[in-house]
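Encoded as structure tokens, the structure appears first; notes follow it.
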Amino acid sequence: VLCGRTDDCPEKYGEKRTYVAYNLTVHYYCLLMSSGIWQRGEEDEGVDGFLITDIRKEVNRAAKLKCNICKKKGASIGCVAPKCKRSYHFPCGIQKECIFQFMEDFRSYCWEHKPVQKFPDKESRGTSQCTICLDLVEQLPMYTVLKSPCCKNAWFHRECLQYQALSAGIFFFRCSVCNNKDKFQKEMLRMGIHIPEKDASWELEENAYQDLLQCYQHCDIKRCLCKKGRDYNEPDSKWEIKRCQCCGSRGTHLACSSMKSWEQNWECMECRSILAKSGNYSKQKKRSLATSEKTDGTTCLLEEPSPKCPRQSPGSQRNFLLQSPKIMCQNNLSPCSHLELPASNRLTMSLSPLMSNRNCSLRKKHLRKQRRDVSNILKELKLQVNIKTTRLNINAENIWNSALKGFRQRNFSPTNTIEIKFTNCKNRSKTDTSAASKHHFFQLLMLHLQNSSLFEGSSAKNLSFDFQAVKENLYFEAGKMIAVSLVHGGPSPCFFSKTLFNCLVYGPENVKPALEDVADVDVARTIKMIKYANSLSSLQSAIDDCYEFLAAAGCLRPITSLCDKNMLVNDILIHHVIKRIISPLESFRQGLKTLGVLEKMQMHPDAFCSILCHKPERLSAETICDLFTIHSSPDVNKVEGADFWMGYLQDVESGESVVTLEDILLFVTGSFSIPPIGFDPEPTIKFLHIRYPVGNRLLNCLELPITKTYEQFKNKMEFTIRNALRVERE
């Protein structure tokens, strides 16, 4: 509607856009350069801020103006030189070698008033190579030829420069000879080269750098001890491959080099000989970071902080039914013992144990409430699951591959009821129901995920960057498996770090990682060197030592004062913990969207944090007692049976029994722990005239015998549960 042409050439005229709703088609450059229109709207209004009403007014204004080049109406662009009244269409201006400046006020100059490059009279004329296309270019002040303002003998074809600018964008467009950016861009904009405000085209290409992300995975030790071969790599074991800390192009199994932990450094023979010749290598006793850090009284970076609420001994909660919370606090029965805290906190704790115990008790109650909320949310999500059944054939010894195969089979749907068949178990117990098999499967799967290469860290884990896993879309599958486990009655992962959880819920751009999130020992050491530098010279020295790492991470910044280290540390943390794994994180988030789990996490972050970032509370007699609902027939003394049952739970909790509370739960439900969604159906107890207890896993019902004495009740319970589980394990 502005130039009247149908040409579609984005390099010359900008993108050609058609808006059917407004019956409007424009070239982007025609719109930018039109003299009588401005962006009065927001970026998402009209056409990139140009309002539709304003465009129509500009079309009407231009319809009265004749182009000085083609003599047709619709010339919307005018020369900005004083007293010059020439008007023209944008394509006509290009043809007549006018200059259009894509900056500031978007000025246009006609062929007579256009800016030209000035050349010294003494400068020799001749021909040289265009440093972009390498064809010959005449060294003359012509429209089609441009000279670099920063290099004496750098000449370009205008067309070559324009194509390079469109490809490189404002962040990467620079002189191809000296790499100057500011001076070069300023001159090119003055001479009418359009530099778009976008990232370079090669940065936007999917998987453009995937070859650079491959890690060396091969044991180069002369005598490899691994029976599965030099390429075998099992994370978090003695067969994990450690790469040379200097070159990264040689590797060894931890066991093959007698390394006790991943934290020890290792150099290959080539690098060791180079270091020896330069005098920088000294063979000293290696020690882990944890050992070296503790010598100066500071806390080890990778060591998990001591939990505020350590687990109680089996007998610490005995007689819970008889004691009030106040009595428990006075007798120091709370799990928050001041002996477990650092020395700096012991004085405070000894002065106010009651307050600390009360806070811990309140925190536990708060966690229980949040877990009840999660249970209700997950039950709501489970309404999506229909009665159609999908069977997964699972090999417990190869849980990941068989689970992956099952989840990727064509007929698998998260909304179908899942049935598990363990293919490697010849003699399954008759009491092993579908629900028990399913819970056992999800339990094994969550344990595998926790120890897999998809995650890194000690107990609170973040996502790692595994190129092969990204390539095979395994992060998506892991997120999907976790979502399905939660909704279908499986356990929760319980190993997410707060940083990972916040990235999933609030978005990575709103999360500030901490030093504890760094699992890589070398990166952790680098950050600590910078963070604890106490002078500008020591800070500069630390930066020089890790210059290549900072450059590769894009974290180099000018350091003028000691306080600049905080910004540098923050940049490194954001790069290593978040930006480095942005692709796996997005895939993982997409997987967690299965069955609407991620959406509920974002709506109820505190509730889901209680099951994803905290380990489940250890089973107590009180928990088991609350879990089961007691039913009995009219001819049974319900009170006496309940007394025997609760007394037995207290004995088990205090360690006066050969079975554990987990054994009791397993005997009845087939599960060691209470899943976040709870049990379906809810566990019940029946007192019947039977000889021995019966665990009905199909109904989650515990049938208990009626006995005359407590000793008889206890003996029958222990005999039955112990032998039933022993047979099942065998």
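The values are calculated or read from the model by the stated rules, or taken from the named source; none is laboratory data. Since the model is a prediction, treat every value here as computed from it, not as a measurement. Cβ sites come from the backbone with ideal geometry, for glycine too, and all protein chains shown count toward neighbours. Side chains are part of the model used for accessible areas, which takes the heavy atoms of the whole protein and leaves out ligands, DNA and RNA. Shrake-Rupley method; radii C 1.70, N 1.55, O 1.52, S 1.80 Å.
Couple of notes before you dig in:
- Candidate aspartates and glutamates - alpha carbon under 17 Å from Lys379, same-chain residues fewer than 8 apart omitted: Glu599, Asp680, Glu682
- Only aspartates and glutamates eight or more places from Lys114 in sequence, or on another chain, were considered; those with a Cα closer than 13 Å are Glu97.
- Net charge over other residues, Cβ less than 10 angstrom from the Cβ of Leu595 (K, R count +1; D, E count -1): +3
- Per principal axis, descending, Cα span of the range 621-729 in whole Å: 35, 28, 25
- Flagged links, alpha-carbon separation over 28 Å, of Lys12/Lys118; Lys72/Lys198; Lys369/Lys421; Lys528/Lys579; Lys181/Lys528: Lys72/Lys198; Lys369/Lys421; Lys181/Lys528
- Between the range 368-416 and the range 181-233, the Cα center-to-center distance that results, in Å: 38
- One Cα centroid belongs to the range 581-635, the other to the range 503-531; the line between them spans 26 Å.
- For the range 149-254, the set of chymotrypsin sites (Phe, Trp or Tyr not before Pro) satisfying both a DSSP loop assignment and a count of at most 15 other C-beta atoms within 10 Å is given as Tyr209, Tyr216.
- Anisotropy class of the range 127-203 from Cα gyration tensor, a/c 1.5 cut: prolate
- Summed residue charge, Cβ within 12 Å of Val505's Cβ, Lys/Arg positive, Asp/Glu negative: +1
- The count of lysine pairs in the range 434-514 whose Cα atoms are under 22 Å apart, excluding pairs fewer than 8 places apart on the same chain, comes to 8.
- Counting only residues at least eight positions apart within a chain, or on another chain, the aspartates and glutamates with an alpha carbon under 19 Å from that of Lys716 are Glu640, Asp643, Asp651, Glu653, Glu656, Glu662, Asp663, Glu703, Glu728.
- Local net charge near Asn451, Cβ-Cβ under 12 Å (Lys/Arg +1, Asp/Glu -1): -3
- Percent accessible area from carbon and sulfur atoms, the range 32-138, protein chains only, probe 1.4 Å: 49
- For the range 621-729: relative contact order, % (alpha-carbon pairs under 8 angstrom, 6 or more apart): 27
- Distance between the modelled labels on Arg410 and Ile690, one decimal in nanometres: 4.5 nm (7 Å Cα→Cβ projection).
- For the range 12-42 versus the range 638-699, the spacing of their alpha-carbon centroids is 74 Å.
- Dimensions of the range 16-109 from C-alpha coordinates, computed as largest minus smallest value along each principal axis and given longest first, are 35, 28, 21 Å.
- Only Cα pairs under 8 Å and 6+ residues apart enter the sum, and on that basis the relative contact order of the range 63-165 stands at 15 percent.
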